[in-house]
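Report on the following structure.
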Amino acid sequence: MQNQVKYEIQKLGKKAHSQLNKTDKVIASSELIAEKVSEVGHALTSGFYTIGEGLRELCFNIDAGFREVDYKLDLLGHQLDSIREILEKPLDTQARELRRRGEFAYLNNWIEEAENDLLEAEKKNYQDFLVHLMLGNIFFYHKNDLKKALDYYQKAAKYAAPQSKKHASYALVCAAIVYYKEGQVPDAYHSTKLALELLPQDWNAVYHHARYCAKMNYIEEFKQHLTKCIVNDPNYLLTADNDVELNNVKDEIIKIAEDLRDDKSRIVNNLIDKLMNIKKKAEELRVADFEPINEAIKNITNLFKRNSYLDLLIAANLAIKTKKLAINIVDDNYKKLIAEKRKYIGELYNEKDKLLYYKIEMWGCMCFIFGFIIFIVMISLRTATINWVIHPSLIIIIGIAMVILLYKMLPKLIKKNKIVKIENKIFQEKGTLKKIENFRNGIISEISR
C-alpha cells in the first residue's frame, strides 16, 4: 500500500525538477533553485511530508495526480486519526468496516472495489465526509465523471464544516478545480471564496482563489491574495511563476516579486550596515570570539549580491539571527570588562582597609610611647636631687623612646601617604567604570536599533 503511493510520487518527481529550473531570476538565484530541487527530491523520496505548502502546490499544478497522492498520504499517516475517531463513534461495526475496507482498496489503487465499498459505507452513514472525499477523488481522477466528483466534493464540504473546517475548505477547493475543468470559472471563484470564509488562513485555498481571480480578471484581488500567500510561504512565488494557468498575469507576478525583492533588499542592506557597525565596535573592544559572526556576514553579503527575493529572504532571516548573536557577544565582553573593573576596585578597597588598620595601630603605638616617657620622667623626678638636676638615665631612656617612636611612626606616615594615593586611584577607577557602563549602554542601544 505504501509502496504504491511512493511509486506514484517518485514517478512525478522529474516533472517538478524540470519546472523549478524555469524559475525567473528575480524570484530565486540558480544556486537557490538547485537547493529547492534538492529539497523537492528529498521530500519525494521520504514520502512528501517534509515539503513546504507552496512547493506542494507547485507539484499539484504540474500534475493533478499529486493532489490525490497528498490526500492518500494523509490517509496513510495519522493526520486523520482524530477525525476518524469522531466519525466512527455513532457507527455500527458494518459501516466502520466498509469504510476501512474501501479506504484500503483506494490506497492500493483497486478503484472498482474501493468505489463499491465506499458507496455502501455512504448508505450506512451519509455524514461521513472522508468517504465523500475519497469518492470525489475516484470520480475525478479515475472515472473522469466530473458531475459525480463535484457532487461528492460538495457533500464532503457540507458535512465536514461543523466538525473540520480544514476538510471542508479542502473539499471546496477540490470542487473549484472541477468547476474550472468544466469551464465554469465564476463557480470556481465562488467555491474558493466560500473556502476562505470558512478558513481565511488556508493558504492552499487562498492560492486557488488568487488563480480564479486572475481568470476572472480581478487583478487587484489576485495580487492581494497571491501576496498574502507569498508572505506566509515564499515558496508560493515559485508556484505562481511556474503555474501555466497564470500566464495571463505573468507580468503582475514578476512585479509582485520585484516589489517584494526591493523591499527585502532595503531591509537586508540596512541589516548589513548594522552588522558592520557591530563588527567595528567588536574590533575596538578586541573581541576574540567574533569569527562566526564574520563568517555569517560574509554569507549574508553573498546572498544579498544574488539579488533575488528568496535569496534576500534567507539573507534577512540570517542577518536578524546574526545581529542578535553579535550584540550578545559584544555585550558579554563589556560585562566581562565591567566585572573585571569592579573586582579591581574591590581589591583597592581591601588594600585601603588594611592601611587604615595600620593607621589605628600607629596612634596606639604613639600613645603607648608617650605614656611610657611620662612614666619614666615621673620616676626620674622622684629620684633627682633637690636642685632638679635631670638624672642621666632619664636622658638615655628618652632618647631610646624617641628612636623607637621614629622607627614606628615613619612607616605609618609612609602608609598614610599610600592611603591617599589609593583613594585617588579608587576615585579614578570609579570614573572609568562609569564611563565604560555609559559607553556600553550607548553602544548596545545604538547597535540594537
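The values are calculated or read from the model by the stated rules, or taken from the named source; none is laboratory data. Keep in mind it's a predicted model, so treat the numbers as computed, not measured. Glycine also receives a Cβ, built like all others from the backbone with ideal geometry; neighbour counts cover every protein chain displayed.
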Answer yes or no as to whether Asn144 is in contact (Cβ under 8 Å) with a residue 40 or more places away in the chain and of a type outside the set (A, V, I, L, M, F, W, C).
-> no
Any idea which of Asp145, Asp128, Asp202, Asp151 is crowded, with 24+ Cβ neighbours inside 10 Å and within 30 Å of Ala105 (Cβ to Cβ)?
-> Asp128
Subset of segment 304-324 [within 19 Å of the chain's Cα centre (by Cα) and loosely packed, with under 15 Cβ neighbours inside 10 Å] = Asn317, Ile320, Lys321, Lys324
Is it the case that segment 287-295 has a residue that's touching a residue at least 24 places away in the same chain (Cβ under 8 Å), over 22 Å from the mean Cα position of the chain (by Cα), within 29 Å of Lys321 (Cα to Cα) and assigned to a helix (DSSP H, G or I)?
-> no
Restricting the search to segment 283-303, which residues are loosely packed, with under 12 Cβ neighbours inside 10 Å and either modelled with pLDDT under 90 or of a type outside the set (Asp, Glu) (or both)?
-> Glu283, Glu284, Arg286, Ala288, Asp289, Glu291, Lys298
Search segment 225-263 for residues being within 24 Å of Asp187 (Cα to Cα) and surrounded by fewer than 16 Cβ atoms within 10 Å (Cβ to Cβ), and hand back the single one that is nearest to the chain's Cα centre (by Cα).
-> Lys250
State whether the residues of segment 194-214 include one that is under 29 Å from Glu115 (Cβ atoms) and touching a residue at least 40 places away in the same chain (Cβ under 8 Å).
-> yes
When restricted to Ala156, Ala171, the only residue in contact with a helix residue (DSSP H, G or I) (Cβ under 6 Å, 6 or more places away or on another chain) and without any contact (Cβ under 8 Å) to a residue 40 or more places away in the chain is Ala156
Are there any pairs with C-beta distances below 7 angstrom linking a residue in segment 93-104 that is within 14 Å of Ile138 (Cβ to Cβ) to a residue that is assigned to a helix (DSSP H, G or I) and not hydrophobic (A, V, I, L, M, F, W, C), with the two at least 6 apart or on different chains, and if so which?
-> Gly102/Asp117
